[in-house]
Every structure is written in structure tokens, then in C-alpha cells.
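J.: Sharing a structure below in C-alpha cells format, with a few things to ask.
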Amino acid sequence: MTSGAGEGSEDGSEKNVKQENVDSANLSTEDGNGMDDDGVWSSDIEVAFKEAMEIYPPCGRRKIILPDEGKMYGRNEMIARYIYIKTGKKRTRKQVSSHIQVLARRTDREKGPTTGTTRTGNSALGDVAAGNRRPQKVDILRLVHPSTYRLKGDDSKDLRMCEYEIFATQSSIGSVSDDGSDTQVLKHVFISIPEAAVAPSAVEDLSIGTILPDFENSKDGETSLAHLYEKSNHKDNFFLLKFWADADFHLDQTMDQKYELNARFQLDQNRPLEVTTQVYSFSKEAMRKEQNPQCFEENGRTYFELNWEFCEYGKGFIERLLLLSPNKDKMNVVLQHFAMLTYVKDSTTGEILIVLAQMFEVSRTEGHGQNVYHLIQTSP
């Protein structure tokens, strides 16, 4: 899944990357004139650096989806920007890259030699932040969003996403479960946006053009992401859900496997709905599922839910992906070409109420993470 332009390696090949000015401090300059020597990092800079390493996880050759006015930046640029905001002291992305490599080499020396392995440069970058590389992160420039993601167009068309979850269940016949039945059911959550999800994630703006190629060819030619955006009268109802999945799941072939999606939305009023979910592989629609969920009242509020089990295509995809475990690099290569698109319409008026693009990676740390992005159109 290509979530942005290739960043190139974070050291020598950075010169091949088009430089972006992060702000008036011009933190992406290469020479660093007027700055402290890279070997002298005061304690406040070091603290800010370590915080930024946790906030912005390693992303390989891809740009981090962390836009400024719809643009995307490399990880080292964002670390330099964070240091400047926290301390008022400038560090270029090249100085950040150098400091990461210094710490990586120091970590290797402290660990001592490894049998038959020599590791330098980018191959050691992961060790620096291995203590905490949770993909969730703090947005240092924005306020925390509400406990549910408020995905709304105008005041009359209010829609909130309260929960979203993809999970697996394994059933073993012959084992006694907690309820006394002879079937034991084990549940593993791959991805989730819980109702109480608050900081550190924050909804950010992202140029829709950065992800359009991943949702390019729908089967009918009229429901690609670009087409939906073009014909929608509520363009502020388009979002990207970026997930880091917990793939630490043992696939037991002797047990019955099910893979399911559950989601809950709060609506402004009871209305007839049509929900379509498309699965894209290599930018082409591979399958779609259509539902007509019924709205219901709960505690004076109107909701609808999506509850469905993955078909054989989806089940086969997930199980083939899990067979690549524990090689998360290979798993993420596969996920580069996989995406989902869900859109909700009023089935009477045809009005598009919300569009959710979904893209996935495998988390490199324990558990799962997520970020939500508001898709906007930017000038070319």
C-alpha cells in the first residue's frame, strides 16, 4: 500500500528527495549553517528527539502520512520540526539522520557482536526506537478530538463513527467454554477504533490526491474514490482510516476460523441506508459487499451497525497473509496493494453521507494502532 511518495533511505540518498520547507525555520536545509555542531545535543534537544522518535515510527521507504496543508513529509523532517517546536533550536533532517545512525552504532556496540551479522545504516535504525514504536502518535499542533470521531458535513447531516473493528474468532469443538458449552471461541482483534479512543491520535487533513491511485478502478466505473468525491455535494465527509494491525495471531488449522467486521455509527435521524464496501487489490476492485442496515434507537440516539463475515476471498487473503508471519516486512509488502473503501448513502435521495477509505500495515510492536485523516482537495 503506497501511502505516499518514496522517501529513499534516510542517509545518503536523501539528496534525491525533493525538499519541503516545513515552516519558516526551514528545517529541511542540508548545510545547517548557524546551528550547533551535531555532536553537541543538549539535554532538552535529546529529550525532544526521543519523544519524536516515539511519535513518528520508522516507515521504511515511504513518507509518513503527516500532512501540512495536504502535503506529506519524511520522518526525519518531522523529527526536526518537533525538536524546533519543543526547544526553539534548529536541527536539519540530515543532522537528525546522522544522530539516529550514531545512536544505532552505539546500540550495536553495547549489544556486542552478533554471529555472522554486520549491521550498518538503515538496517540498524529499528533498534533505536525499539523501546516504543507504537504507531499511534500525538499531534503536537492540534487539539485532541472528541471520544468518538466526529465525521460530519454540515450541521443538518451529522454522522459519528463510534466503533470500528476487524477481528478473528477460532472455535474448537470439544473444549468446554466459560458458558458451559462444548465449543470454545477465541477472539483476536486485528484493528480497532474503540468508542473511548482519544489522544494520542488526532484527525489531520490529507490531500485526497495522495491516495487516489489505490482506489482507481471500480468495476462499474462510477464508484471509484475520485468519482465519489467529484459527484459529492458534501466533500468534507471523506476520510482515510490508516490502521496498523496486530498480526501476532496463531493460525490454528485444526480450528474453525472466522474473520468479521463490526462497526457502529451514530446518525442525525432515522433514514433508509445503503452501505457499500469495496476491496481493492492493485488499485482494482476485487470484490464488493452491499448492505441495507436498519437504524435503531438507543438512549435517545439513532445508530446503525455493520456486522459481516468476510467471504472466501477475504478469508483467503487474511490467511495467506498470516502465513508470512513473523516476517512483517513481507506482510507489509502485500498490504501495500490492498485497500478498502466504504461509503454510506441515503437510499432514498442517493446522498452520500460518509466515505471511508481504509489502508493497512502490520504493527511492528505489540497491539494495534490507528490514525484518522480528513481528505481534502488541494491545488496542484
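J.: Which members of the stretch 311-331 meet the condition of being in contact (Cβ under 8 Å) with a residue 40 or more places away in the chain and surrounded by 13 or more Cβ atoms within 10 Å (Cβ to Cβ)?
T.: If the condition is that a residue be in contact (Cβ under 8 Å) with a residue 40 or more places away in the chain and surrounded by 13 or more Cβ atoms within 10 Å (Cβ to Cβ), then 314, 315, 318, 319, 321, 322, 325, 328, 331 are the ones that fit.
J.: Related question: Hey, any hits in the stretch 290-304 for a residue that's within 23 Å of residue 230 (Cα to Cα), touching a strand residue (DSSP E or B) at 6+ places or on another chain (Cβ under 9 Å) and in the same structural domain as residue 251 (by TED's automatic domain parsing)?
T.: Here is the first cut: in the stretch 290-304, the ones within 23 Å of residue 230 (Cα to Cα) are 290.
Within this subset, residues satisfying the condition of being touching a strand residue (DSSP E or B) at 6+ places or on another chain (Cβ under 9 Å) are 290.
Now drop any that are not in the same structural domain as residue 251 (by TED's automatic domain parsing), which leaves 290.
Yes, the conditions are met somewhere in the stretch 290-304.
J.: Let me ask something additional. Could you tell me which of the residues 304, 296, 282 is surrounded by fewer than 15 Cβ atoms within 10 Å (Cβ to Cβ), in contact with a Phe, Trp or Tyr (Cβ under 9 Å, 6 or more places away or on another chain) and more than 30 Å from residue 366 (Cα to Cα)?
T.: On the way: 304 fails: surrounded by fewer than 15 Cβ atoms within 10 Å (Cβ to Cβ); 282 fails: more than 30 Å from residue 366 (Cα to Cα).
Answer to the check: 296.
J.: Has the stretch 353-365 got any residue that is over 13 Å from the mean Cα position of the chain (by Cα), of a type in the set (A, V, I, L, M, F, W, C) and closer than 21 Å to residue 167 by Cα?
T.: Applying the first criterion (over 13 Å from the mean Cα position of the chain (by Cα)) to the stretch 353-365 yields 353-355, 365.
Add one more test, that the residue is of a type in the set (A, V, I, L, M, F, W, C), and what stays is 353-355.
Checking the rest, the ones that are also closer than 21 Å to residue 167 by Cα come to none.
Looking through the stretch 353-365, none of the residues is over 13 Å from the mean Cα position of the chain (by Cα), of a type in the set (A, V, I, L, M, F, W, C) and closer than 21 Å to residue 167 by Cα.
J.: Looking at (1) in a loop (DSSP other than H, G, I, E, B); (2) within 27 Å of residue 56 (Cα to Cα), which is the only condition residue 339 fails?
T.: Unmet condition: (1).
The values are calculated or read from the model by the stated rules, or taken from the named source; none is laboratory data. All figures in this text were calculated on a predicted structure; none of them were measured in a lab. Virtual Cβ from ideal backbone geometry, glycine too; neighbours counted across all protein chains shown.
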